[in-house]
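One structure is given here, and the rest of the page talks about it.
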Amino acid sequence: MMQPHVSESAFEPPCQQTSLKSSDSSESPDSSISSVGVALIGLGTVGSGVYKLLAQENVQGHLPVGIRGIAVRNPNKVRVLERNVEHASFSDPQALIHRDDVQIVVETMGGITDAYDCVKAALLAKKHVVTANKALIATHGSELFELARKHQVRLLFEGAVAGGIPVMMPLKLSLAANRIEAIAGILNGTTNYILTQMATAGLSFEEALEQAQSLGFAEADPTSDVEGEDAAFKLSILASMGFQQHVMPQAVHRHGITTVSALDIENAQTLDYTVKLIALAQKVEASETHPECLTLRVQPMLVPASHPLARIDNEYNAVWIRGHAVGDVMFSGKGAGELPTASAVTADILAIARDLAAGNDPIAGMKIPAMPEAVIQPIEQSASRYYVRVTTLDQPSVIGHLGLACGAAGVSLESVMQRGISPNATASIMLLTHRVTHAQMKQALENMRANGSIQQIDCVLAVLPC
Ligand code: HSE
C-alpha cells in the first residue's frame, strides 16, 4: 500500500507558471481554481515522464491542467523531481482521488492489485482515469469499463499497448469505418531486441538478453517478456478494441522465444524470412458451430522479409492492422520507456482536459461499449505453414521417414533442406510445410518422434501470414 501523505497542498505545474514554484498557499489556490485537476498516482518511470511532459509549457499549450498532488509508495525514494520535490504534494492516493479539485486520476503505479483498487475508487468517485497499465486493463478492463460507463467518466489507456505508438485512438476513431480483419504486432521490445541481435550480431539468446538488460531494454527478471506474457496482455487489449469482443489474456495461445536458436534464425534468413515474436489476432472463417471466431496467438514466427513487420528491429514495436476498407496500415515506434509511454498517457490526459475545458461531453468520443465475449478458435484448429528443424541419424531413408511422418498426418511439405553432417554423424534437417492445422502438425511431430532415426525435434515455428 502507498504511504500516508507527507504534506498536502495544491500544486500547479508550469502551464501557468514559467518554472516550478513552491505551492505556497498565497498563490496555489487561486491558480488552480479554473484548471483541470490531475492526481498522479505513482512516480516510477512512466509517472516521472508524465510529470515532465505536463511541466513543459509547449506541450500543454495553454490547456489549464494542474497537478493537484502526487501519490508515491515511499516519498523518501523520489528521485526524478529532486530539484522540485519540495514543491510537490505527496499524498495518500485515496485522499488525492477524492479531492474536489481533481477531475482526472492518472494511475502510473503498475502492478494489478493496488492499481485496481485505485482505479476502481476513482471511477466510483466519478473521476476520469488514465492508465498505461496493460495487466490491469487486460485483466479487469471489462469491469472497469462498465464502471466508467455507469459513472459517465472516461477510462483511457493509450499507453497500455505499444507504449508511445498511437494505436488505441486510431483503432477507435480513425479506423472506425472498417471491419478489422487482422491485427499483427511486435508488442515486446525486450524480445525484439534479443531476436534482432541474434540475427544481426550473431549473439546467443543469453548474450543478447544480457546486452538488453545492460542497455535497460529488459527487466532484471525478463520472464514475462521472453515467455510472451507481456505481449499476450497487450494483444488481448488490442483484439478487444479491434474486434469489439471481450478477450481475456488467458485466451491467447502463447509460446516464448527461449527455444529459438541462432541456427533457426540463420535458416530463416536463408529462406528470406526473419524470426519475430508476433502477436496475432485474426478473424477466421465462419463454421456452423462458430459463426465468427478469433484466433489469438503470441509466438515466434517466420516473417517474410518483404512484410513490413520484418523491418521492425531492436527495441522498436509495431502494430499492423488490416481493415476491409483501408487495407493494410502499420504504426511503429518506441513501445516502452519513460517519455514514449508518457507521451501516450499525457495525450490521454490532454484529450479529457480539452473536452472538460471546452464544456464538451468528455465521454462522447472514447466511450468503450459493452462487448460480447469473444469466441476463440481452439488452437488445434488454427492453421499455418510451419518451419520444423529436426536432428536425425545420417543414414538412408531418413528424409523418406520424415516425409511419411508428415504425410500420415496430412501434412504436405513445401521444402526440405539438410545442412551438413555433424561430427557425431547426425544431420540437421529443416522442413517447411504447406498450410496445415495445429492438430495436423502436432500429429506429424508425434509420428516423427516414433521413428528411431529422428533423434530430436529442435524447433517448430509458424510462418506468417497464417
Ligand atoms: N517489458 C516491455 C517490453 C515494456 O520489453 O516491451 C513494457 O510493456
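Starting from segment 309-322, take each residue that is without any contact (Cβ under 8 Å) to a residue 60 or more places away in the chain and list its partners that are part of a helix (DSSP H, G or I) and within 12 Å of the ligand (Cβ to nearest atom), counting only C-beta distances under 6 angstrom and pairs at least six apart or across chains.
Within 6 Å, no pair qualifies.
Could you list, in sequence order, the residues of segment 286-336 that are among the acidic types (Asp, Glu) and either touching a strand residue (DSSP E or B) at 6+ places or on another chain (Cβ under 6 Å) or more than 15 Å from the ligand (Cβ to nearest atom) (or both)?
The answer is Glu288, Glu292, Asp328.
Which members of segment 179-207 meet the condition of being more than 15 Å from Ala239 (Cβ to Cβ), away from the ligand (no atom under 14 Å from the Cβ) and not in a helix (DSSP H, G or I)?
Within segment 179-207, Ala201, Gly202, Leu203, Ser204 qualify.
Step by step: first the residues of segment 220-236, then only those that are without any contact (Cβ under 8 Å) to a residue 40 or more places away in the chain and among the hydrophobic types (A, V, I, L, M, F, W, C), then the one that is farthest from Glu315 (Cα to Cα). Which residue is that?
Filtering segment 220-236 for residues that are without any contact (Cβ under 8 Å) to a residue 40 or more places away in the chain and among the hydrophobic types (A, V, I, L, M, F, W, C), the one farthest from Glu315 (Cα to Cα) comes out as Ala220.
Quick one: count up the residues across segment 270-327 that are among the basic types (Lys, Arg), surrounded by 23 or more Cβ atoms within 10 Å (Cβ to Cβ) and touching a Cys at 6+ places or on another chain (Cβ under 9 Å).
1
Can you pull out the residues in segment 148-158 that are in a helix (DSSP H, G or I), closer than 20 Å to Val102 by Cβ and out of contact with any Lys or Arg (no Cβ under 8 Å at 6 or more places or on another chain)?
Lys150
Can you tell me which condition Ser214 does not meet? The list is (1) of a type in the set (Ser, Thr, Tyr); (2) surrounded by fewer than 21 Cβ atoms within 10 Å (Cβ to Cβ); (3) within 14 Å of the ligand (Cβ to nearest atom), and all the others hold.
Evaluating Ser214 over (1) of a type in the set (Ser, Thr, Tyr); (2) surrounded by fewer than 21 Cβ atoms within 10 Å (Cβ to Cβ); (3) within 14 Å of the ligand (Cβ to nearest atom) leaves (3) as the failure.
Identify, please: which residue in segment 409-464 is in contact (Cβ under 8 Å) with a residue 60 or more places away in the chain and outside any strand (DSSP E or B) and is, among those, surrounded by the most Cβ atoms within 10 Å (Cβ to Cβ)?
Leu464
All but one of (1) in contact (Cβ under 8 Å) with a residue 24 or more places away in the chain; (2) within 30 Å of Thr45 (Cα to Cα) hold for Glu380; state the number of the condition that does not hold.
Glu380 satisfies every listed condition except (2).
Can you confirm whether segment 142-149 contains a residue that is of a type in the set (Asp, Glu) and within 18 Å of Val46 (Cβ to Cβ)?
Checked against the condition, which is being of a type in the set (Asp, Glu) and within 18 Å of Val46 (Cβ to Cβ), segment 142-149 yields no hits at all.
Looking at Lys120, Lys126 in this structure, which one is outside any helix (DSSP H, G or I) and either surrounded by fewer than 23 Cβ atoms within 10 Å (Cβ to Cβ) or under 19 Å from the mean Cα position of the chain (by Cα) (or both)?
Lys126
Bear in mind these aren't lab numbers, they're just calculated from the coordinates by the rules spelled out. Keep in mind the model is a prediction, meaning the values are calculated, not measured. Cβ: placed from backbone, ideal geometry, glycine included. Neighbour counts: every protein chain shown.
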